[in-house]
Amino acid sequence: MPAPYGLAPAPGLRWNPEVDFAARNIRALIDLWKARRPTRRGLPSFRGFDGLELRPWADNLIVLDTEPTLFGGHSYRYRMVGPAASTVEGGNFTGLYLQDALSSAQAAPRVRLYDRALQFRAPVEVRGRVALGGTSPATPGTAPGSAPGTARWDTVALPLSYVGERADHLMVLTYVEALD
């Protein structure tokens with residue numbers, strides 16, 4: 001969890017633009033997830049996370065319910081979408097199924113990420129550059145009418161269990177930062 005406010009930095013310290021806050025925040029959430037696991041292979045309980053302790057990540061956090069489908073896949077329903085994550089997803093889709101909220105081209109990369117996290121029962125991170133400005137409908141963070149350019153996309157999907165061993169929820173932390 002991020003440290004509370006402390007003393008002001010010593011004189012002479014300079015701002016370091018190389019500090020990757022998205023990576024630090026993702027790492028901190030993964031550490032909290034690991035601390036909540038009951039066993040090495042077990043999954044943290046969905047109920048084991050307090051809203052107050054998740055507050056440092058709440059703006060960029062998405063919580064999804066997962067349901068098995070008849071054909072061996074999963075269906076994902078948005079349970080909670082933070083304000084910054086709503087911008088990345090294209091709207092606050094709380095209560096909607098992923099396949100109803102997004103086009104199939106937009107949903108496909110998310111479903112692959114979420115399926116991987118459920119399959120491996122572990123955090124799955126994705127980092128990369130994406131195009132902005134409507135150049136690709138599958139691109140997270142694409143905002144219609146926005147200026148063309150690129151952005152860095154950092155996200156992690158963490159599987160959770162409501163009760164027992166089956167992964168039935170996902171906690172997703174996502175950051176998009178415009179580069180040009």
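Read-outs throughout are calculated quantities, based only on the coordinates presented, and are distinct from any laboratory measurement. Fair warning: this is a prediction, and the values are worked out from it, not measured in the lab. Don't worry about glycine lacking a Cβ; one is built from the backbone with ideal geometry, like all the others, and counts go over all protein chains shown.
Of the chymotrypsin sites (Phe, Trp or Tyr not before Pro) found in region 147-177, those that fall in a DSSP loop while having at most 15 other beta-carbon atoms within 10 Å are 162. Each label was represented as a point 7 Å from its Cα along the Cα-to-Cβ direction; for residue 129 and residue 87 these points are 2.2 nm apart. Taking the DSSP bridge list for region 21-178 and keeping only pairs wholly inside it, about 95 percent are antiparallel.
Distant-in-sequence amide contacts of residue 75, defined by a placed amide H-H separation under 5 Å and a gap of 5 or more residues or a different chain, comprise 67, 69. Report the normalised scattering of region 21-178 as log10 I(q)/I(0) at q = 0.11, 0.17 Å⁻¹, calculated by the Debye formula with identical scatterers on the alpha carbons. For region 21-178, the Cα-only Debye profile gives -0.41, -0.99.
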